[in-house]
Each structure stands twice: as C-alpha cells, then as structure tokens.
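A short write-up of the structure that comes next.
The values are calculated or read from the model by the stated rules, or taken from the named source; none is laboratory data. This one's a predicted model, so the numbers in the text were calculated from it and none came from an experiment. All Cβ positions, even for glycine, are placed from backbone atoms using ideal geometry, and neighbour counts span all protein chains on display. These accessible areas exclude ligands, DNA and RNA; they are computed on the full protein's heavy atoms, side chains included. Shrake-Rupley method; radii C 1.70, N 1.55, O 1.52, S 1.80 Å.
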Amino acid sequence: MGEEATSPLFPTYGRYPIAFVKGEGSRLWDVNGNEYLDLMCGLAVTNLGHAPKQVVDRLKEQLDRLWHTSNLFHIPNQEKLAALLTENSCADRVFFCSTGAEANEAAIKLARRYYQRVLNQPERYEIITFHMSFHGRTLATLTATGQDKVQDGFQPLPAGFVYAPYNDAEAVEKLISSKTCAIMVEMVQGEGGVNPAKPEFVHKLVELCDKYGLLLIVDEIQTGMGRTGKLFAYEHYGIEPDIFTLAKGLGSGFPIGAMLGKEKLAEAFSPGSHGSTFGGTPLATAAGIATLETMLKDRVPQRAAEMGQYIVSTLSDRLAGNPLVKEVRGMGMLIAIECRQPAAELITAIHEERVLVIPAGPNNIRLAPSLVIEKADVDHGIDVICGVLAKKAAAAV
Ligand code: PLP
C-alpha cells in the first residue's frame, strides 16, 4: 500500500497493489489481464457500471463537437442538465463544479452569503456538522468534516464549524446560537461507516431549521444519483433540504459536481461571487445528462432499492452465525458488513479472490456495486465474501 519512494506521485493515497486498465459493466481487468468483479464502483461513482453505452455514446458525440467554453458564455448542456435535475428534485437552481468538495464548498459559501447579503445578518456564519461526517478535503470542507484524522496537520482551520453527535438532535439544538446559519448533514454517513440517519433525527433537524431560521444542507455526494434506492436519499425522509450537493455518480465517472438550492437563495450569488473554469463544461454536462436520462428511463433507483434489499437480506442470512460479523446494514446499494475486528485484512483477502470491496471506517467492509449489476454477479460476489469470512472465522478458532 502507498506510493513507492521512487514514485513521482505525492503519497496521498494508500493504494492496493492492483492497477486496472479496462472496465466494462461490473468487470475490471488489471494490467496482467486478470478479471475482477467490481462491487465498489470507484468509491460509489460508476453507478451505471463501467463505460455505460448511453454515456459513452453521448460523450463521443460531444467530444467531436465541443469540449469546453468559458462560463462567460451560455452553455446549453448546463441549462439542460440543470432543468433535468430541478424537474426531478426539490431544488430550483443549480451551480456546476467538478468535484464533491467543490460542491460542498459552494454550499458553504452560499449559506454564508445568503445570511450576509440577503438577510443582512453577517454575524450568522456558523454551520453545525456531525462527528464522523465526511464533506471533502479542501480547507473549508475538511473543517466541515467531523473527523480529527482528516483535519490533522492543517491548522489553523477556518472558523465557523461546530460538531454534534450524529443522530442526536438534542445535541444539535444545544449548539444552535446567534451565530448559526445552517446544519450540514449526510442522510447516510458513507465514509463514516455507512450509518443511516434515523427518520426522527432528520425530522427534528427540519423542525430546528424552521424554529431557528437555519438552512438545511444535505450532502448527497455519496448517497445521490440512485445509490440509496431513491434518486436522492433525502426523499426517503419526506423532507426538502434548502441546499443539497452531488458529484460521484452524476457523471458516471466523468468529473462533475453540482450544488442545488431553493429559489430564495438565488439572489445571494451575483456574477463574480462564485465560479469555476471547469464547472459544467459541455463535455461534463453531456455525461450528466446521459447519466440522469438513463437513470430515469430505466428506473435505476427502483432497481437499486430492490437489489439492495436482496443483498442485505442474503448477506444477513448467510453471515448470521459468523463470529467475525457484527451486523449487515445499508440503504439501497450502499451497504456495510460491520466486523468485530479491523476489516483491512478481510478486504485484502476478498480482493485476492478477484472481488473488489472497500473499507468505510476501520471495521466495515463496504459494498457499493453498480446499480445495474446482474443478479448472477451479485450472487457470485456474495458467495466469495461469505466464503472468505467463513474461512477467516474458521482460522481464528
Ligand atoms: N461528501 C461526501 C459524502 C463524500 O463521500 C465525498 C467523497 O467521498 C465528498 C464529499 C468529497 O467528494 P470529492 O472527493 O469528489 O471531493
């Protein structure tokens, strides 16, 4: 794991000793021609599988026509993707960027600016976020992230973030002060261990936002684009966030992010107050349009709900007696097998059987398969995972 001392890359990633050169559907091939079953989709990114035909065709067509123009000109694909997103969500406005961290950065900036410029309350800039959240690695978003290890060594951090325990609305209310402007939350904490928010917690957050005049920001970067069995995870809770953010699955692997919000927020931004050279290029938005159109046409979120339920119930049944396993949980196709020991060694053993899974926190094996994966592939993946865990459990006694 990690970069060799001879590598010209900064050692920012702990890497597995595998290098892929080709992907198709739920299959990946490494440099030696070995075939893997992909149950992680990057990190919950290639929701339609690798190289989905509809997206490839659209990108090829756009590649031949136009890749990039400045945001100083109108970009018809941006307008089209924004219309598709707003027609299918609670949002009225969209800002495009390239990554999840940038989408959250835009959400933080919009919340601050709304209070400063629209409501004329510059003293309200503080955002409440949660322990074990993950919101990105720019300075503001790593500060929003409630994990010491992500913030370590980057002090001084920007002011304006306080942290509450997840699923604890009472603790949130205690943190609300005359400085608070927003609450930022994931509906399922992905990097934090695949922890779904409890419905009563989410409803209480909405109540608190109403009571104290706060904005509710939902980070859907991992949970959005069908991953949890709805197009956006907030739909499970019957709520409408003021702002939500997308990236990962939005372009099927082509870099694109989006920050979406309610109409009342539009006047907070003005030309020059925010922007990005690469935000919403004709090419990136072509990937987004093809992805979203495919998801809607093929009812991909519904399929994810059904297949996710099948995976969780099958894994729960088959791992019921395994002493290494504490719990199987998930929402749609964002799933964790929580182990009673660190999961790293188990994950490596599963990779050795040519099935790809990822960690989520120290003890969890995370599964984030393509939302259109074939059932036979799911069954093979389940067989391999259960086989490896059974073998490891037998070796431990
Ligand atoms: N927010 C959530 C919930 C995420 O899972 C991630 C990435 O894992 C991010 C934000 C950051 O996205 P990016 O790595 O594209 O900046």
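From the set of residues in segment 166-200 that are farther than 20 Å from Met331 by Cα, open to solvent by less than 40 Å² (accessible area, probe 1.4 Å) and not small (Gly, Ala, Ser), which is farthest from the ligand (Cβ to nearest atom)? So that I can check it myself, show each step before the final result.
Filtering segment 166-200 for residues farther than 20 Å from Met331 by Cα gives 169-183.
Right, trim to open to solvent by less than 40 Å² (accessible area, probe 1.4 Å) and you get 169, 171-172, 176, 180-183.
Those still in the list that are not small (Gly, Ala, Ser) too: 172, 176, 180-181, 183.
Details: Val172: 18, Ile176: 23, Thr180: 21, Cys181: 19, Ile183: 15 Å.
Restricting to residues being farther than 20 Å from Met331 by Cα, open to solvent by less than 40 Å² (accessible area, probe 1.4 Å) and not small (Gly, Ala, Ser), the top hit is Ile176.
Scanning segment 216-232 for residues that are in contact with a Pro (Cβ under 9 Å, 6 or more places away or on another chain), surrounded by 24 or more Cβ atoms within 10 Å (Cβ to Cβ) and either polar (S, T, N, Q) or not in a loop (DSSP other than H, G, I, E, B) (or both) turns up Ile217, Val218, Thr228. With the structure loaded, tell me whether Tyr36 is open to solvent by 40 Å² or more (accessible area, probe 1.4 Å), of a type in the set (Ser, Thr, Tyr) and away from the ligand (no atom under 16 Å from the Cβ) or whether it fails that test. Judged against the criteria, Tyr36 is not a match.
Scanning segment 16-33 for residues that are within 23 Å of the chain's Cα centre (by Cα), part of a loop (DSSP other than H, G, I, E, B) and surrounded by 14 or more Cβ atoms within 10 Å (Cβ to Cβ) returns a single hit, Ser26. Residues that are farther than 16 Å from Glu186 by Cα and either within 12 Å of the ligand (Cβ to nearest atom) or in contact with a strand residue (DSSP E or B) (Cβ under 7 Å, 6 or more places away or on another chain) (or both) do occur in segment 213-224, at least one of them. Among the residues of segment 269-291, are any farther than 30 Å from Arg65 by Cβ and more than 21 Å from the chain's Cα centre (by Cα)? So far as segment 269-291 goes, yes, one or more of its residues are farther than 30 Å from Arg65 by Cβ and more than 21 Å from the chain's Cα centre (by Cα).
Which one of these is touching a Leu at 6+ places or on another chain (Cβ under 8 Å) and of a type in the set (Asp, Glu): Asp38, Asp57, Asp30, Asp64? Break it down stepwise before answering.
Working: Asp57 fails: touching a Leu at 6+ places or on another chain (Cβ under 8 Å); Asp30 fails: touching a Leu at 6+ places or on another chain (Cβ under 8 Å); Asp64 fails: touching a Leu at 6+ places or on another chain (Cβ under 8 Å).
Among Asp38, Asp57, Asp30, Asp64, only Asp38 is touching a Leu at 6+ places or on another chain (Cβ under 8 Å) and of a type in the set (Asp, Glu).
Restricting attention to segment 115-149, the residues being surrounded by fewer than 24 Cβ atoms within 10 Å (Cβ to Cβ), aliphatic (A, V, I, L, M) and either at pLDDT below 95 or within 14 Å of the ligand (Cβ to nearest atom) (or both) number 4.
For segment 224-258, the set of residues classified as closer than 22 Å to Cys209 by Cβ and either in contact with a Lys or Arg (Cβ under 9 Å, 6 or more places away or on another chain) or outside the structural domain of Ala286 (by TED's automatic domain parsing) (or both) consists of Gly224, Ala233, His236, Glu240, Pro241, Asp242, Ile243, listed by residue number. Criterion applied to Arg58, Arg93, Arg65, Arg112 was being of a type in the set (Lys, Arg), away from the ligand (no atom under 16 Å from the Cβ) and open to solvent by less than 70 Å² (accessible area, probe 1.4 Å), and the one residue passing it is Arg58.
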